[in-house]
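Peer 1: Before anything else, here's the structure in question.
Just so you know, all these numbers are worked out from the coordinates, no wet-lab data involved. Just so it is clear, the structure is predicted and the values come from calculations on it, not from any experiment. Cβ sites come from the backbone with ideal geometry, for glycine too, and all protein chains shown count toward neighbours.
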Amino acid sequence: MGRRQNLKPWPKGVSGNPGGRPKKTPLADACRELLNRPGPGDRSGRSYAEAIAEKLAKKALAGNIPAAREIADRAEGKARQAMELSGPGSGPLEIQNMRMRSLTSGLRSSVRNGRKAANDTQN
């Protein structure tokens, strides 16, 4: 009897693993720890992160566009990229009577085609 109860799905809105899989980020953790340390030989006592940010800012002020973009992305977040999805023959994308598998397949195909078209225009 107890075995059969184990095979029943969880009630609606209840997770069997509420915390989810534990996040293991050893490299990111090590990088954060290093960036918070004082830089060796830095007379101002700045951390690695502060020294890197200042160097990046100086490059951006000197006209280095990738440095300016990096600062903007870190400070304000990356700009969202708009993407238009359309159905066959550039018509509307119909989704109302599609099964989930068909819907995800169609969306993936549209995204792939959009990326291909964007790459073709850049080359």
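Peer 1: Wholly within region 21-114, which helices (runs of 4 or more DSSP H) include no fewer than the required count, namely at least 1 residues that are exposed (fewer than 10 other Cβ atoms within 10 Å of the Cβ)?
Peer 2: 26-36, 65-76
Peer 1: Moving to a separate point now. Specify which of the listed residues (G89, G20) is closer than 30 Å to G106 by Cα and over 23 Å from the mean Cα position of the chain (by Cα).
Peer 2: Values: G20 fails: over 23 Å from the mean Cα position of the chain (by Cα).
One residue alone meets the criteria, G89.
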